[in-house]
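Some notes on the structure that comes next.
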Amino acid sequence: MTAVFLEAPRRLVDVTIDGATVRVPEGATLLEACRAQGIDTPTLCYLENLTPVNVCRVCVVEVEGSRTLVPSCSRKAEPGMVVHTASERVSTSRKMVLEFLASTTDLGLAAPEVQRWMREYGVDPLRYGPPAAGNPAGERDAARPGEHHAGDGAVAATARQPVKYDNDAYVRDYSRCILCYKCVEACGDDAQNTFAIAVAGRGFDARISTEYDVTLPGSACVYCGNCIGVCPTGALMPASEFDMRRDGTWDESAQTVTTTICPYCGVGCNLELHVQDNRIIKVTSPLDHDVSNGHLCVKGRFGFEFVQRRAAEA
Ligand code: SF4
Ligand code: SF4
Ligand code: FES
């Protein structure tokens with residue numbers, strides 16, 4: 001006889017958010033409860049297909065009885081919680097997070113909702129002064145913990161530095177990196193289990209790095225590009241997109257996106273083919289597909305050149 005295991009129904013939890021009672025399944029986060037209520041809540045380090053790491057703190061909310069603001073992306077809803085998402089304390093905290101990031105990094109290519117949050121929270125990165133000159137290549141990578149030299153206060157320190165373009169697949173522009181850890185999680189045990197990149201350094205000198213800061217071809221990287229897929233700021237970008245942006249030919253209004261199945265093996269990953277001028281220029285993967293969950297391997301993400309070659313030869 002076959003044993004049948006029925007999943008126990010999840011208990012429901014009532015919380016009060018901005019004065020309204022919200023009922024969510026036990027184990028749901030406050031972010032999920034807010035979104036169920038239609039409350040727009042900014043997030044930077046959170047993504048549905050990754051384990052929350054709680055590093056950006058832009059999603060904070062105020063919970064009555066809690067001394068500090070709590071990150072909604074990871075804090076579970078508890079019965080009777082009273083939550084405020086739009087208090088002055090919450091708004092000021094979110095604004096400061098976005099402002100510090102915008103004053104030290106280039107958010108010009110960040111996702112449209114990030115740009116919108118910066119407008120809505122009144123972010124003014126220039127109030128910390130004009131940005132300091134960029135860092136020479138390798139300077140931030142060589143910074144040693146505990147040896148950070150404070151600036152003179154006349155200019156705002158930045159992470160600006162030359163782009164790392166050391167392979168044919170993708171480019172690392174850490175002037176745009178907000179240290180959200182998403183790439184580290186995707187390269188690590190949330191998806192790829194390769195652990196080619198991690199956070200090195202401390203404080204303002206913290207940065208994403210390969211082991212011993214070797215080039216990407218010299219590292220453990222297998223070019224799955226899952227780090228690119230989760231990066232919210234354009235710090236990691238396919239070389240094809242980077243080249244087109246540099247040459248002024250990147251035109252999103254002229255692009256179409258077609259969802260299809262990867263032809264390379266039987267796993268059945270979903271691919272989104274970004275096409276411009278009848279050429280595939282980038283491949284992404286939808287987060288909500290239960291086979292690939294937004295992740296791919298090197299063949300699915302970068303192995304599209306053969307299509308162009310055959311078309312050219314035909
Ligand atoms: S391409 Fe894949 S293996 Fe390489 S750093 Fe990114 S996530 Fe890690
Ligand atoms: S490179 Fe992108 S994904 Fe990685 S920490 Fe920086 S901003 Fe986040
Ligand atoms: S999104 Fe919650 S801490 Fe970053």
### Query
Is it true that some residue in the stretch 75-92 is among the aliphatic types (A, V, I, L, M), over 18 Å from residue 206 (Cα atoms), within 15 Å of ligand 3 (Cβ to nearest atom) and within 20 Å of the chain's Cα centre (by Cα)?
no
Hey, does the stretch 41-55 have a residue that's touching a strand residue (DSSP E or B) at 6+ places or on another chain (Cβ under 7 Å), within 19 Å of residue 117 (Cα to Cα) and within 16 Å of ligand 2 (Cβ to nearest atom)? yes
Selection from the stretch 170-203 of residues over 19 Å from the mean Cα position of the chain (by Cα) and surrounded by 15 or more Cβ atoms within 10 Å (Cβ to Cβ) yields 201
Check your understanding: Within the stretch 169-178, can one find any residue that is away from ligand 2 (no atom under 14 Å from the Cβ) and not in a strand (DSSP E or B)?
Key -> yes
Flagged in the stretch 155-183 as closer than 17 Å to residue 102 by Cα and not hydroxyl-bearing (Ser, Thr, Tyr), in numbering order, are 155, 156, 157, 159, 160, 161, 173, 176, 177, 178, 179, 180
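Rundown of residues vs (1) outside the structural domain of residue 184 (by TED's automatic domain parsing); (2) among the basic types (Lys, Arg); (3) more than 18 Å from residue 244 (Cα to Cα), yes/no style:
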position: 272; (1), (2), (3): no, no, yes
position: 278; (1), (2), (3): no, no, no
position: 286; (1), (2), (3): no, no, yes
position: 305; (1), (2), (3): no, no, no
position: 309; (1), (2), (3): no, yes, yes
* To do: For the stretch 102-115, indicate whether the set of residues that are in contact with a helix residue (DSSP H, G or I) (Cβ under 6 Å, 6 or more places away or on another chain) and free of Cβ contacts under 8 Å to residues at least 60 places away in the same chain is non-empty.
  => yes
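The values are calculated or read from the model by the stated rules, or taken from the named source; none is laboratory data. Treat the numbers as computed from the prediction; the structure is a model and nothing was measured. Every residue, glycine among them, receives a Cβ derived from its backbone with ideal geometry; neighbour counts consider all protein chains shown.
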